[in-house]
Amino acid sequence: MKNILFPTDFSANSWNALEYAVHFFKNEDCIFYILHIADLKDSNVNSNSFAFATETALPSINKKINLLSMRVEQLLDNKKHHLIVLYEYGNFIDLIRKTVYDKKIELIVMGTKGASGIKTAIVGSNTGDVITKVICNVLVIPKKAPIKKPKKITFATDYNIFYTHPILNTLSEQLRISKANFNVLNVSQANGHLTNAQKKNKEYLQDYLEEIFSCSHNFQSVDNKNVKEAILNFVADNKIEMLTMVAKNLNYFHQLLFDTTIEKLSFHTTIPLFVLHE
């Protein structure tokens, strides 16, 4: 049974993320935990922002929760899917961490509006905080992402990390469920020359994918001093439908995700981003 967490603010973005994930995991045994976190100031708890309040929801919030629950129940037409709705007051990140630990969450799914113009952050502050501050895999679904399984997935990496068992397991699950073509993309900033450590990591990943997914993967490398530009161009030119990265892979990850001066932003409005943690 896979435990998946959906933080929700009752927006269209969060619903789209839920709908995408339910479709993606439609043949998997899952428990979907929907969590709404309200500000501590809206409760009667007199404490600091790290308090974990679990009192009854306010009537207005309770109505939204009930309506959302009914809507989700209609969406979950699979006996393999189960729903649990949670409501908390307090600090957003602390409560996400607590829920991940208590419920043994394996994946957090979050919606985002996506970037809409120059100097616009790719993900919102809550999503960015979850990605960087919570040790759990995160699937980010842009508002305009079509509800379908991706047929082309790109895994962007510089081979500077060792691909541990949890990373490989997640990649395997991703490919098993989607049956997608899997591109491993390296953006070289040194004329294609890899260090000995990079070569070993690449060979290890190649051996693994060759053994498990021999006919559905390929390795590609492009030379470009601008990592983010190269990844964006590759995704757009090859009609990639999901981008996967490892949070530990800081060189790629931070440049692409948190540099707010990216000019070519169109793909961020439609392409899900899967962030792997160990």
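The values are calculated or read from the model by the stated rules, or taken from the named source; none is laboratory data. Computed from a predicted model, the values in this text were never measured in an experiment. In this analysis, Cβ positions are derived from the backbone assuming ideal geometry, glycine residues included, and neighbour counts consider all displayed protein chains.
Scanning segment 228-269 for residues that are surrounded by fewer than 18 Cβ atoms within 10 Å (Cβ to Cβ), of a type in the set (A, V, I, L, M) and modelled with pLDDT under 65 gives L250, L265. Evaluated against (1) surrounded by fewer than 12 Cβ atoms within 10 Å (Cβ to Cβ); (2) closer than 29 Å to K149 by Cα, K225 falls short on exactly one condition, (2). Taking residues in segment 72-100 that are assigned by TED's automatic domain parsing to the domain that holds I135 and part of a helix (DSSP H, G or I), and partners anywhere that are of a type in the set (F, W, Y) and surrounded by fewer than 17 Cβ atoms within 10 Å (Cβ to Cβ), the pairs with Cβ atoms closer than 7 Å and at least 6 places apart or on different chains are D94/F50; L95/F52; K98/F52.
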